[in-house]
Amino acid sequence: MTPATRQEVLGLYRKVLRIAKTWQSASGQIEETMREKEYIRNEARTLFRKNRNVTDPKLIKQCIEECEARIEIGLHYNIPYPRPIHLPPMGLAHKQGRTLRHQEKLRKISKPIYLKSHDEVS
């Protein structure tokens, strides 16, 4: 990892922790705000520690893009949790009757960037 990339990653980590510190839930209830703050901190710790030993520049770039996307979506919608997507079962299948393996590949490709690591952690 280059020093510039390291600084960018550490800056993102600090940014997430600052967001957690000043976070207010949409409902304004203290209990919910505290739960959401704790979720933000735990999710950041888990994902940053999981990706600590990543050395591939393309994978590092993808992780940075995912982090930035989750920050922007969380701030925009005022929810710390990843926004769910709905892909109906077998909704991406071709009319020629593709196999289940092909269906899983299509579902993986169609997953938004901000959900790439969510299923691996949860």
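The values are calculated or read from the model by the stated rules, or taken from the named source; none is laboratory data. Everything quoted here is computed from the prediction, not taken from an experiment. Glycine gets a Cβ as well: all are built from the backbone with ideal geometry, and neighbour counts include every protein chain shown. Calculation scope for accessible area: heavy atoms of the full protein, side chains included, ligands and nucleic acids excluded. Shrake-Rupley method; radii C 1.70, N 1.55, O 1.52, S 1.80 Å.
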Under 5 Å, built H, 5+ apart or other chain: amide partners of SER25:
THR33
Determine the share of the stretch 3-85's accessible area contributed by carbon and sulfur atoms, expressed in whole percent, with a 1.4 angstrom probe.
55 percent
Residue separation between LEU75 and ASP56 times 0.36 nm, minus their alpha-carbon distance, gives in nm 4.0 nm
Evaluated at 10 °C with a viscosity of 1.306 mPa s, what Stokes-Einstein diffusion coefficient in µm²/s does the stretch 3-85 have when Rh comes from the Kirkwood expression over alpha-carbon pairs?
118 µm²/s
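Subtracting the Cα-Cα distance from 0.36 nm times the residue separation, let me have the gained length for ARG101 to ALA4 in nm, one decimal.
Length gained, ARG101 through ALA4: 31.0 nm.
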Counting only protein heavy atoms and rolling a 1.4 Å probe, one gets per residue an accessible area for the stretch 3-85 in Å² of 68 Å²
Compute the length gained on full extension between TYR13 and ASN42: take 0.36 nm times their separation in residues and subtract their Cα-Cα distance, giving the result in nm to one decimal.
9.3 nm
Looking at the stretch 35-78, which trypsin sites (Lys or Arg not before Pro) are DSSP coil and have at most 10 other C-beta atoms within 10 Å of their C-beta?
ARG52
